[in-house]
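Remarks on the structure that follows.
The values are calculated or read from the model by the stated rules, or taken from the named source; none is laboratory data. Small disclaimer: the values here were computed from a predicted structure and weren't measured. We place every Cβ from the backbone using ideal geometry, glycine too, and count neighbours over all the protein chains shown.
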Amino acid sequence: MIQRDSMRTWRVARACALAAAAAVSCAPIASAPDTAPQNSCPAFPCGSADGGSSPSAPMCQAGTCVVSPSAASSNLIVVVAVPDDSLYAPGRTFALTFADLLTSTAANGCNLPDCCIPDCAPLPVVEVINRSYVIPPALEADTSSGVDFYLGNAAGANTALPIHATYQPLWPPGIASAQYATSLGLPLEPIQALALTNPIPVNPGPSGGPSIVVETYLQIGTSYELTDLPDLPFSGAYPPEVPFSPFTVTGPENDVATVTQGFDVTKEETDLYPGQEVIPTFDISRAAGLDGFTAYLRDATNLNTLSNVATLSGTEAPNVRLATNRFGGAPYSATTDALVNAQLVIAAPTGAVVPTGIFTPAGGELPAVETYPAMPAAVSVSGAVSAAGIPAEADLTLEATAILVGGTFQTANFTYTAWASASIDSTTGGSAFSVPLPPGQYLVVARPSSGANEANAVTLQSLDVPDNGPFTAETIPLAATQVVFGTVTTPDGRSVSEATVDAIPTACAPLPSSLMGTTFLSTTICLPRPAQTITTVDGTFSLTLDPGGYLLRVRPAEGTRFPWVTRSISVAAEVVALDPIVVPIPTSVGLRLVDPNKNPIVRAVVSVYTLPAVGQAVELGSALTDDSGQYEMFVALPQP
C-alpha cells in the first residue's frame, strides 16, 4: 500500500535521473523504519553483499547499493496515474516504456541550476479527439443495406446518433496484434468520452434534435480500440462502430462530419437470401416463447457486442436484422464478411432461469433460420455446505459446463451462471442453500463467507442436475487451507523485517476429475483468495492460503531502497515451506516527471511493470512524485 503522506516528506537535495547507461547521484532520502534493514553503503559493502547474484557488479551510489541498467530496463512499462487536480491530463493514467521516457528526456530534457545534465522526463502531449456517428438516409431504409429505423429528419438529411464512445487502451502501441491493457494486467481502464452539443451543427440529431459530438483527450503515440455505441432506443437497430484495427493517436482528429458509408454484409449462403449480399438477417423461433429475449452478434474472441441488440417476441421472430459496422475495412468487399469471427447470441430476459444460446458458424456458415431448442423446465436444487463435518456458510457460484438438450448434455452453444448462499439455519443449526437451475452439469465454486473459519478454503465441486426435481445435491465439503511460510533476507544475510508479503491469485485449484479439460466462460470465478502479511523482526512470515496458484510478492518497507521481489508458488494439500527469498541489489529507475511544458507532475502515482512472454504483467515497484515531479524507485530487473 502506498503511504502518500510519508512518501511526500522524503525529499531529495538534488533532482536526479537515470540516463541510458549511468545513474546520477542523489542525496539520501529520510530513513526507513528503525527495525527494517536499509540498502546503505559503505556501511554494508555492495560487492560482498551481492555474492555474484546481480546481472552487473554492484556499486555504491549516493549511499545506496545499485547495479547498472541492463537491456531489460528499456522494456519496463511505466504507468503514471495523474491526480485529479493536475493541470495536465487530470485523472488520466498513461503508460510508456522506460526507454520512451529516457528518449523524451534526451530530446526535451531540462537542467536544474545546480545540475548540468538532462534531469526531467516529459510525459507525452495529449490531443483532443472528437467523434460522431452520422447515418445517411439510405441506411435508415428497409433495404438490403438499411435497418428499417427512421430517424425523423427531412428527406436527404444526415443524422448524428447520440452515442457513448469508449476508448479501450491497448498494449503494445501501434501494432495490429495489440491486446487490451487490462487483460495483460496493466491498470489502464477504458476511457469514456464526454458527450457535448456540437456548437456547429453540421448534422442534426434524431427528429431535428441537437447534434451531439463526443470528445476526450488521449495520449499521443498510444493505441486504443474505439467503440461508438448508440444510445437507446437507437441501439436496437443501429450497430456499434468497432474498428478492424487499433486506433493510434498521432495528432488531433475532428471527425464530426464523417458519414457512415454502409453496414457490413454477408455473402454466405442462407435459407433466406441464397447468394445475396445482405445485412445478417435471421428467422428466430422458440416454441416456449421469445417475449423479452434479445438477439445480437458478438465477437468470438473478446465477446464484445458487434451488432444492434434486437428485442424478440412471440414464438417466431422473422427477419431479425443484426447490422455490424466494423469500420476501417470495406463493408461490401469479399474479404470483410459481416459474420467473420462472429457468434449469434440469443439471450433470455434478466432473471429467467433459461440458458443463453451462443451459435457459432459451422463450416463457415451461420444458418439464417435459428431455432432455440426445447429444454426441460428449471429444477429447484437444494443442498448444504460443511467443513470437517460441521455446517458452514459459503457463497456459491454455479457455472454450467453442459446443458441438457434433447436428453443429451451439450457442452457447446449454451451458457448459464447462477449464484446462491449457504447460510446457517438458526433453528436447526444446519447449512442450507436453494437455487433454481436448468438441468445440466455445473462447476460449483464455494467461497467461505466473510469472517468464516480461516481453515476453510475456496472449493471446486462438480454438480449434475437431472431433468426432474426438486433435487437435493450432496453436501459440499469445503477444502482446507494450507500454511505457506518462508524467510526474507538481504544479499548479505540480514533479516528483512517489516516487509509486506502479498499472495496474489493467478490460477485456480485443480478441477474435479469429472471436469478436467473443461473451458469456462468466467475464468476468474474459481481463483483462490488473496492474502497479505508482514515479516517479523527475524524476516519470517506465514500465510494461510487456499489451494491454487499465486504470485508471491515481497515489498520491503518504504524508504529502505530495497526492491520488490516476486516468486510463483503453488499451494496444494500440504504445508508449503519456501526456500529463503533473497532481496537482490536493485537498479534505480527514478526520474523527474514533467508535462510537455516542463511543469512538474506533482503527486502522481508511478508504478513500474514488467510483462513476461506468458502471463500477466508483474508490478516491480510503486512511488509518488514530490513537488518537483521527482519519484525515487529501486527495482529488481527481470532476469532473462
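Results, tabulated for the structure shown:
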{"item": "Filter result for residue 487 (at pLDDT below 95 and outside any loop (DSSP other than H, G, I, E, B))", "result": "no"}
{"item": "Where residue 555 falls short, out of the listed (1) in the same structural domain as residue 46 (by TED's automatic domain parsing); (2) at pLDDT 95 or above; (3) basic (Lys, Arg)", "result": "(1)"}
{"item": "Members of the stretch 30-54 found to be crowded, with 19+ Cβ neighbours inside 10 Å, in a loop (DSSP other than H, G, I, E, B) and modelled with pLDDT under 85, listed by number", "result": "32, 54"}
{"item": "Residues located in the stretch 173-190, provided they are at negative phi and in contact (Cβ under 8 Å) with a residue 40 or more places away in the chain", "result": "173, 175, 176, 178, 180, 181, 184, 186, 187, 188, 189"}
{"item": "1 or more residues under 19 Å from residue 72 (Cβ atoms): qualifying strands (runs of 3 or more DSSP E) within the stretch 524-640", "result": "548-555, 565-571, 591-594, 605-610, 618-624"}
{"item": "Residue within the stretch 362-369 that is in a strand (DSSP E or B), more than 17 Å from residue 266 (Cβ to Cβ) and of a type in the set (D, E, K, R) present", "result": "no"}
{"item": "Residue match in the stretch 202-213 (condition: at pLDDT below 90, closer than 24 Å to residue 620 by Cα and not in a loop (DSSP other than H, G, I, E, B))", "result": "no"}
{"item": "Candidate set: the stretch 378-392, residues that are assigned to a strand (DSSP E or B) and not aliphatic (A, V, I, L, M); chosen: the one nearest to residue 480 (Cα to Cα)", "result": "386"}
{"item": "Residue match in the stretch 500-518 (condition: among the hydroxyl-bearing types (Ser, Thr, Tyr) and without any contact (Cβ under 8 Å) to a residue 24 or more places away in the chain)", "result": "yes"}
{"item": "Unmet criterion (only one of (1) farther than 18 Å from residue 248 by Cβ; (2) at pLDDT below 90; (3) aliphatic (A, V, I, L, M)) for residue 129", "result": "(1)"}
